[in-house]
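Encoded as structure tokens, the structure appears first; notes follow it.
Just so you know, all these numbers are worked out from the coordinates, no wet-lab data involved. Because the structure is predicted, anything quoted here is derived from the model rather than measured. All Cβ positions, even for glycine, are placed from backbone atoms using ideal geometry, and neighbour counts span all protein chains on display.
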Amino acid sequence: MKFQLAINLERMTPETDMKEVRDHTLEMVKMADAAGFEIAWAAEHHAMEMTIAPNPFQILTWWGEHAKKIRLGVGVVNAAYWHPINLAGEAAFLDLISDGRLEFGIGSGAYQREFDRMKPGLDQKDSWQYMQEMLPVVRELWKGDYEHNGTCWQFPSATSCPKPVQEEVPVWVAARSPITFDYAVANNCNIMSWPLTMPMAEAEAYRARLDDSIAKNGGTYNGRWVMMRHAAVYENETDRQNALQSVRVQLSMFGNLMTKTGDVINGFPEQVPPEKLEGNFRYDPATLEQNLLFGSPDQVVEKLGLYEDLGLDGFIYYASMGMEMEQQKRSLQLFIDKVLPQVAEKELAHAG
């Protein structure tokens with residue numbers, strides 16, 4: 001099981017220095033690169049300080065100039081916000097200048113608030129149609145001249161300039177629902193799944209959906225499947241409490257965006273009031289600590305074993321959760337120094 005890093009340029013308060021966030025994010029990617037992580041993932045989001053990512057290709061170009069081995073993952077571009085010719089060219093250019101390190105992730109977005117601004121009139125629940133039309137068009141544009149007359153886009157013959165360096169760019173789909181698993185398997189896409197704060201049973205349900213989709217596809221699937229979780233490794237009570245408090249604050253903002261129960265002021269989502277979180281299992285500290293990749297190095301190793309048992313090809317260490325930057329670095333360093341060696345030792349023993 002290979003390891004990957006997802007990290008955002010993240011400001012939780014107006015007092016946070018944007019240049020410090022910039023430098024911190026790059027430092028985390030360079031740490032992951034030096035430790036042998038496989039992929040660094042950058043998201044796409046707009047008008048949101050907690051996930052500053054107006055163009056993931058620009059972020060990945062920057063990372064790729066400083067981290068020379070790690071692959072560069074778009075995790076994920078929102079199809080509805082792009083034109084196919086624009087998207088194909090941006091992605092291919094990143095592949096060119098990174099010497100073939102592009103991992104192309106595509107999805108259908110998360111926040112209705114964002115759609116209301118970026119694609120007014122489109123319901124997030126309907127955005128999968130853009131994603132499913134976009135992907136085959138981009139693949140055709142990477143090959144050469146192609147004319148498209150679809151539902152979402154229409155254009156005369158055109159091609160991607162430049163073309164990707166890789167003969168076949170790895171394509172990833174963000175999947176949680178059965179229909180998206182079906183699409184990914186049928187179209188030979190790799191799959192990334194995120195169970196949010198749900199228990200391990202949610203990850204097991206994704207395994208069942210993947211198996212069902214493979215069965216529908218005649219029993220064949222050549223793609224890879226990875227899973228993402230918020231991660232915090234700690235060795236003292238102070239860091240433990242800080243991690244739990246940080247993720248609760250971030251989740252309260254995330255809950256605002258998902259349900260539109262509060263406003264967003266100058267890019268900062270209002271927190272759902274603490275009294276509304278009490279009794280909600282999604283925000284319960286004990287439940288969060290159990291469900292997320294939280295714990296001491298030994299506890300994290302044990303949790304990773306459960307994911308390996310699901311047959312995952314990779315695990316995405318999601319670093320961005322509102323935690324202080326210095327603690328984010330401590331956590332990642334503990335993961336590198338004390339978790340990865342134990343995982344490697346267990347895998348070697350299993351192979352032997």
Original post:
Counting just the residues of the range 158-215 that are part of a loop (DSSP other than H, G, I, E, B) and hydrophobic (A, V, I, L, M, F, W, C), which one comes out surrounded by the most Cβ atoms within 10 Å (Cβ to Cβ)?
Top reply: 175
**OP:** Mind listing just one residue for me: the one in the range 222-244 that is in contact (Cβ under 8 Å) with a residue 12 or more places away in the chain and out of contact with any strand residue (DSSP E or B) (no Cβ under 9 Å at 6 or more places or on another chain) and, of those, surrounded by the most Cβ atoms within 10 Å (Cβ to Cβ)?
**Re:** 235
Subject >> Residue count, the range 102-137 (criterion: part of a loop (DSSP other than H, G, I, E, B), closer than 18 Å to residue 74 by Cα and of a type in the set (D, E, K, R)) >> reply: 0
Subject >> Residue check, residue 140 assigned to a helix (DSSP H, G or I), of a type in the set (Asp, Glu), over 18 Å from residue 33 (Cα atoms) and touching a residue at least 12 places away in the same chain (Cβ under 8 Å) >> reply: no
Subject >> Given (1) aromatic (Phe, Trp, Tyr); (2) surrounded by fewer than 20 Cβ atoms within 10 Å (Cβ to Cβ); (3) in a loop (DSSP other than H, G, I, E, B), number of the condition residue 62 does not satisfy >> reply: (3)
**OP:** For residues that are more than 17 Å from the chain's Cα centre (by Cα) and aliphatic (A, V, I, L, M), scanning just the range 30-51, find the one that is surrounded by the most Cβ atoms within 10 Å (Cβ to Cβ).
**Re:** 31
Original post:
Quick one: residue 76 ticks every box in (1) at positive phi; (2) of a type in the set (A, V, I, L, M); (3) out of contact with any helix residue (DSSP H, G or I) (no Cβ under 7 Å at 6 or more places or on another chain) bar one, so which box is it?
Top reply: (1)
